[in-house]
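Worksheet: one structure, shown below.
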Amino acid sequence: MMSDWQTPNRKLRDEERSALAIPILQTARTMIEAASKGDEQLAFAINRYVYARLQVDERGGSMQRRDLKNRKRAQQKGKCPICGGELPESGAVLDRLNAMDRYIEANTRVICRMCDGRIQEERRYA
């Protein structure tokens, strides 16, 4: 089943984490702390906002993913491309073949939860 999955996600090497990622994270934390001026609720809200925007940068917006999922479901004629079973009305998964590539038609499929669970186990994400 892993034949559809192209490459594992790129991970930072230790030196990249130390030299690049950790300083960015520390800067963001410092800026949130300074902007909130000790107001824990404001710090929480800023943190949530930044987190959500970074997620959108990676995954696209929820409406864009919903529309893509509907198009893919129609292209697949309501069938899971892995097991061939009918996709449920709700709870089907928009799966990226390569997680580093965007949610685009060429990189996605809609699969049932059961097949998604098996794939997550194979990829050692579950």
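Any read-out appearing in this document is the output of simple, stated calculations on the displayed coordinates, not a laboratory observation. All values derive from a computational prediction rather than experimental measurement. When we count neighbours, we look across all protein chains shown, and the Cβ atoms used for this are built from the backbone with ideal geometry, even at glycine.
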| request: Enumerate the lysines that K77 could reach by cross-link, defined here as Cα to Cα under 19 Å, with residues fewer than 8 away along the same chain left out. | output: K69
| log10 of Debye I(q)/I(0), alpha-carbon scatterers only, for region 46-126 at 0.16, 0.24 Å⁻¹ | -0.65, -1.18
| remark: Summing -39500 (n - 2.57) over every DSSP H run of at least 4 in the chain, dividing by its residue total and rounding to the nearest 500, the 222 nm mean residue ellipticity is -15500 deg cm²/dmol
| field | Over the chain, relative contact order from alpha-carbon pairs under 8 Å, at least 6 apart, % | value | 26
| Regarding region 1-86, what are the three Cα extents along the principal axes, ordered largest first, in Å? | 54, 32, 16
| request: Please order I111, I22 by the number of other Cβ within 10 Å, starting at the fewest. | output: I22, I111
| query | With the radius of gyration and the Kirkwood radius both derived from the Cα set of region 11-59, what is their ratio Rg to Rh? | reply | 1.06
